[in-house]
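Student: Please see the structure below; I have some questions.
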Amino acid sequence: MSNDTCIVDNCEAAISARRMCKRHYRCFMKYGTTTAPERTVPAWATCTIDGCGKPARARTSELCKMHYHRQYRHGSTDMVATRSGVTVSNGRKYKTQYAPTHPLAGKHGNVYVHRMVLFDAIGYGPHACHWCGTEVDWKPKGTPGELQPDHLNNQGDDNRLENLAPSCRSCNAGRAVQARSKALREAGWWSGNDTIAHLRNGGRAQPIEAA
């Protein structure tokens, strides 16, 4: 070991203070020894709801993410919005029609009526999204830039042409989520803890009794 290197065994770093390198000197000043104590990591808790067993959303939390958000949104860990019966689209009962020669027909010859009605009116694309102006076209489902006919009144079985508009996937899905969220709030499913409800009440949490 050189006189210019740290006095700690097997450390060849340059001296900083008290004949120790910066790392060992800092450790000595903090713990009184050049070896830092072994850290003990607290065990990750599980959700305290009976029968759940999922990991807690944080080490200091008593609830998993699912039960936390139920409590946060609805004021109860038992309330499940997806089984509330609240709908904004008549159950999204999309109708189909057998039209094997139609350009949008599937392999079995069926076409969704709302897609057929809009296509027959506006034809091949590209078209601009009714909401954001993004260019969309009649592409297979899940393809980037696909055109999705949007029901303007959110009623999935109302296929009048005046109720349909070309939409990008993002806008179509976003509007559906917003409409359902509004319906859930009106049905009493959102509690005063929810961010939207909190802002609506001027920052004052006012729990809404569930329907």
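Student: Please work out which one of (1) open to solvent by less than 80 Å² (accessible area, probe 1.4 Å); (2) farther than 20 Å from Ala165 by Cβ; (3) at pLDDT 95 or above is the condition Tyr98 fails and give its number.
Tutor: Condition not satisfied by Tyr98: (1).
Student: Restricting the search to the range 146-191, which residues are in contact with a Cys (Cβ under 9 Å, 6 or more places away or on another chain), buried (at least 18 other Cβ atoms within 10 Å of the Cβ) and outside any helix (DSSP H, G or I)?
Tutor: Leu147, Gln148, Asp150, Ala165, Pro166, Ser167, Cys168
Student: Find the residue count for the range 1-39, including only residues that are surrounded by 14 or more Cβ atoms within 10 Å (Cβ to Cβ) and assigned to a helix (DSSP H, G or I).
Tutor: Going through the range 1-39 one residue at a time, the tally reaches 6.
Student: Shifting gears a bit: Of all the residues that make up the range 152-162, how many are more than 13 Å from Lys95 (Cα to Cα) and either at pLDDT 95 or above or touching a strand residue (DSSP E or B) at 6+ places or on another chain (Cβ under 8 Å) (or both)?
Tutor: Summing the residues that are more than 13 Å from Lys95 (Cα to Cα) and either at pLDDT 95 or above or touching a strand residue (DSSP E or B) at 6+ places or on another chain (Cβ under 8 Å) (or both) in the range 152-162 gives 3.
Student: Pairs under 8 Å by beta carbon, first residue more than 14 Å from Thr34 (Cβ to Cβ) in the range 1-20, partner exposed (fewer than 11 other Cβ atoms within 10 Å of the Cβ) and at pLDDT below 90, six or more apart or different chains?
Tutor: Filtered contacts from the range 1-20: Glu12/Ser2; Ala14/Asp4.
Student: Select from the range 116-145 the residues that are of a type in the set (A, V, I, L, M, F, W, C) and not in a loop (DSSP other than H, G, I, E, B) and list them in ascending order.
Tutor: Within the range 116-145, Met116, Val117, Leu118, Phe119, Ala121, Ile122, Ala128, Val136 meet the criteria.
Student: Still on this structure, I have one more. Within the range 60-77, can one find any residue that is of a type in the set (Gly, Ala, Ser), touching a residue at least 24 places away in the same chain (Cβ under 8 Å) and under 26 Å from Trp190 (Cβ atoms)?
Tutor: Checked the range 60-77: at least one residue is of a type in the set (Gly, Ala, Ser), touching a residue at least 24 places away in the same chain (Cβ under 8 Å) and under 26 Å from Trp190 (Cβ atoms).
Student: All but one of (1) aromatic (Phe, Trp, Tyr); (2) open to solvent by 20 Å² or more (accessible area, probe 1.4 Å); (3) more than 30 Å from His74 (Cβ to Cβ) hold for Trp131; state the number of the condition that does not hold.
Tutor: (3)
Student: Say whether the condition of being open to solvent by 40 Å² or more (accessible area, probe 1.4 Å) and over 22 Å from Asp194 (Cα atoms) is met by at least one residue in the range 61-84.
Tutor: no
Student: Tell me which of these Trp44 doesn't satisfy, since it passes every other one: (1) aromatic (Phe, Trp, Tyr); (2) closer than 30 Å to Ala179 by Cβ; (3) in a loop (DSSP other than H, G, I, E, B).
Tutor: Of the numbered conditions (1) aromatic (Phe, Trp, Tyr); (2) closer than 30 Å to Ala179 by Cβ; (3) in a loop (DSSP other than H, G, I, E, B), the odd one out for Trp44 is (2).
The values are calculated or read from the model by the stated rules, or taken from the named source; none is laboratory data. Everything numeric in this text was worked out from a predicted model, so none of it was measured. Backbone-built Cβ (ideal geometry, glycine too); neighbour counts: all protein chains shown. Only protein heavy atoms, including side chains, enter the accessible area calculation; ligands, DNA and RNA are left aside. Shrake-Rupley method; radii C 1.70, N 1.55, O 1.52, S 1.80 Å.
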